[in-house]
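A short write-up of the structure that comes next.
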Amino acid sequence: MQKRTDWYITGRTWLVIDAILAFITVLLAYSYNEDLNVSWNSTIQNQPSAYLAAISYALFLSVCCNIVGLQDPLRQRRFWPNMGRTLIGVSSGMACFLLFLYLAFLFQLGRTVGIQIFVTSILILLIIRMIIWRISSHSNRKILLFLPRKERIHLAAMIKLSGLPFETASLNESEFNRHNNSGQLIELCKSLKADELVIDHQSFSQDNNPWIKCLSHGIQVSSKSSFLERYFYKVSCSKLGVSWLLELDLRLTHPIYHRWKRLFDIVIALVGLLLTLPLIAAISLVILVESGRPVFYKQKRVGLRGNPFTIWKFRTMFVHSSESNSRWASKNDDRITWVGKLLRRTRFDEIPQFWNILTGEMSMIGPRPEWTDISEIWSQKISLYPYRHLVKPGLTGWAQINYPYAATEEDVLEKLSYDFYYMKHASALLDLQIILRTISAIMKGAR
């Protein structure tokens, strides 16, 4: 059975690819100019050497492309939206690169070589993506969704909207029941030319199941849970049990990472407070002028292992209503002050939480802490909800950058699936990705 190549490329892989392309772009631009040498030594005064420029530009371009969403594998593969992201990413990367050269080394990049790098970067980033998309469009992996009706319809819709280079095939109820034996299932996969079979998690535990025989015929078999983790970066909450939670081993698997994370939290909190002191003073003054005291708003939230703590924020509502937690703030909520709308849109109202991070009540990255009253409500409705408190809450998190505010039980479950993904896959690289995408969300004014 001939297998099609999986041309799915993760966001982290795109980060590396863009860095390599940027590195090559700078070396090409230097090689075009007779006055410049491709070496570690600068041939013209105040002009950076080729390798210093290439390494610096590769770093800034790849990070800026990540921030603008160019490396998100779940974005639709449409030319013009990606053209716009490429222009913004290359422009911002080039600006950061030039600023870095001047501030760090007093170097100035020549106008000609700068234009060559800028234009070549745009062309090479788009061309490489178009080549990969074109190849993947002719070699789509076919995924057979061997799932109950409701689940396979939902998953097929997710795959279609995601832009992943997959083609889905599913069965109706009669076919689903008829082909549930090893011989018939393998013949079905062969007739559909299926590369991967996605099955219900509970099917793995069935006796005499046909999945091993599928593997022996070169057909990849994945549970729905592992498929969602691999391509959509979330966990299927409906399939979680106590055994899954016990296997997380939250503190012992990566002890160095957890020590590094606490050090990172302390450094970021101190630097954040010091750098934002003028901004804190300005915001405080504006709040006082518009609606008086208090400037800060404190509220009880649920922290690590369910222990409550007091979170600090800039007050964004009028005094008579900011103490009421009876309902969430809506888009055009009349309780929010004019300054509060601006603070919420830019997320500047969260700046005082650097103090919570410094004291160890919060981390820079983790599930967002919920109100104690609201947390109690969701804990009664969703049995898995309290387990999100097994890790320290964060200023930003995987659920926050992947899903908007949750106002319904369905929304809460969706955000919970991202929180559990972070709990399972927490790492320095994932933390970096969350920070970059948070910057992107702030730039867009997302809330």
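A straight Cα-to-Cα reach below 18 Å connects Lys213 with the aspartates and glutamates Glu187, Asp195, Glu196, Asp200, residues fewer than 8 places away in its own chain not being considered.
Over region 255-444, the fraction of Cα-Cα pairs per 10 Å bin, rounded to whole percents and listed from the shortest bin up, is 9, 35, 39, 16, 1. Quick note on region 11-137: its Rg to Rh ratio, both from C-alpha atoms and Rh being the Kirkwood radius, is 0.99. A cut-off of 5 Å between modelled amide H atoms, ignoring neighbours fewer than 5 places along the same chain, links Ala169 with Ile143, Leu144, Leu145. Close amide H partners of Tyr405, meaning residues 5 or more places away or on another chain with modelled amide H under 5 Å apart, do not exist here.
To the nearest 500 deg cm²/dmol, what mean residue ellipticity at 222 nm is calculated for the chain from DSSP H runs of n ≥ 4 alone, each contributing -39,500 (n - 2.57), summed and divided by the residues?
The helix-only estimate for the chain comes to -17500 deg cm²/dmol at 222 nm.
Taking R0 as 51 Å, what FRET efficiency do you get between Arg335 and Ile256 from their Cβ-Cβ distance, rounded to the nearest 0.05? According to the calculation, E is roughly 0.65. Of interest is the spacing of the C-alpha centroids, which for region 271-297 and region 367-397 amounts to 28 Å.
Listed values for region 36-45 are Karplus-derived 3J(HN,Hα) couplings in whole Hz (6.51 cos²θ - 1.76 cosθ + 1.60, θ = phi - 60°), namely 10, 10, 8, 7, 7, 9, 7, 8, 10, 4, and x replaces Gly and Pro. The rule of thumb for compact globular proteins, 2.2 N^0.38 Å, goes into the C-alpha radius of gyration of region 331-447 1.07 times.
Comparing Pro393, Ala22, Gln299 along the charge dipole axis of the chain, the residue lying farthest to the positive side is Gln299, per the Cβ-charge model. Potential lengthening of the chain between Leu273 and Met83 amounts to 64.7 nm, from the contour at 0.36 nm per residue minus the alpha-carbon distance. 3J(HN,Hα) couplings calculated from phi for region 275-288 with the Karplus curve 6.51 cos²θ - 1.76 cosθ + 1.60 (θ = phi - 60°) are, in sequence order, 5, 9, 4, x, 5, 4, 5, 5, 5, 4, 5, 5, 5, 4 Hz; Gly and Pro show x. Mean projection of the Cα convex hull over all viewing directions, computed for region 218-295: 10.6 nm². Just Ala282, Ala19, Ala156 to compare: in a GNM of the chain, with alpha carbon springs under 10 Å, which one fluctuates most? Maximum fluctuation in the GNM of the chain, among the listed residues, is at Ala282. Here, region 69-130 has an Rg and a Dmax of 13.6, 41 Å when only alpha carbons are counted.
Less than 5 angstrom separates the built amide H of Gln299 from those of Ile311, all sequence-distant by 5 or more or on a different chain. The alpha carbon centroids of region 22-83 and region 411-437 are separated by 29 Å. Only one of (1) -0.46, -0.75, -0.90; (2) -0.55, -0.79, -0.90; (3) -0.39, -0.65, -0.80 was calculated from the structure for log10 I(q)/I(0) by the Debye sum over Cα atoms at q = 0.07, 0.09, 0.10 Å⁻¹, and its label is (1).
In the elastic network of the chain, a GNM with C-alpha springs shorter than 10 Å, the most mobile of Ser236, Ser379, Ser225 is Ser379. Remark: for residue pairs Lys381/Lys415; Lys160/Lys381; Lys298/Lys415; Lys142/Lys190; Lys160/Lys193, the C-alpha separation exceeds 22 Å in Lys160/Lys381; Lys298/Lys415. Note on the chain: with charges restricted to the Cβ of Lys and Arg (+1) and Asp and Glu (-1), its dipole about the Cα centre is near 380 debye. In this simple spin-label approximation, Lys160 and Gln380 carry label points 7 Å from Cα along the Cα→Cβ vector, and these lie 3.9 nm apart. Taking every DSSP beta bridge that has both ends in the chain, the antiparallel portion is near 40%. Using the empirical formula 2.2 N^0.38 Å as the baseline, the Cα radius of gyration of region 262-309 reaches a ratio of 1.53. Placing a pseudo-label 7 Å from each Cα along the Cα-to-Cβ vector at Ala428 and Phe100 gives an inter-label distance of 1.8 nm.
Here the Karplus curve 6.51 cos²θ - 1.76 cosθ + 1.60, taken at θ = phi - 60°, turns the phi angles of region 419-429 into couplings of 4, 5, 4, 5, 4, 7, 10, 3, 7, 5, 5 Hz, with x standing for Gly and Pro. Between Glu370, Glu196, Glu409, the residue with the greatest mean-square fluctuation in the GNM of the chain (Cα pairs under 10 Å linked by springs) is Glu409.
Each value in this text was obtained by applying a stated rule to the coordinates, not by laboratory testing. If you're wondering where the values come from, they're calculated on a predicted model, not measured in any experiment. All Cβ positions, even for glycine, are placed from backbone atoms using ideal geometry, and neighbour counts span all protein chains on display.
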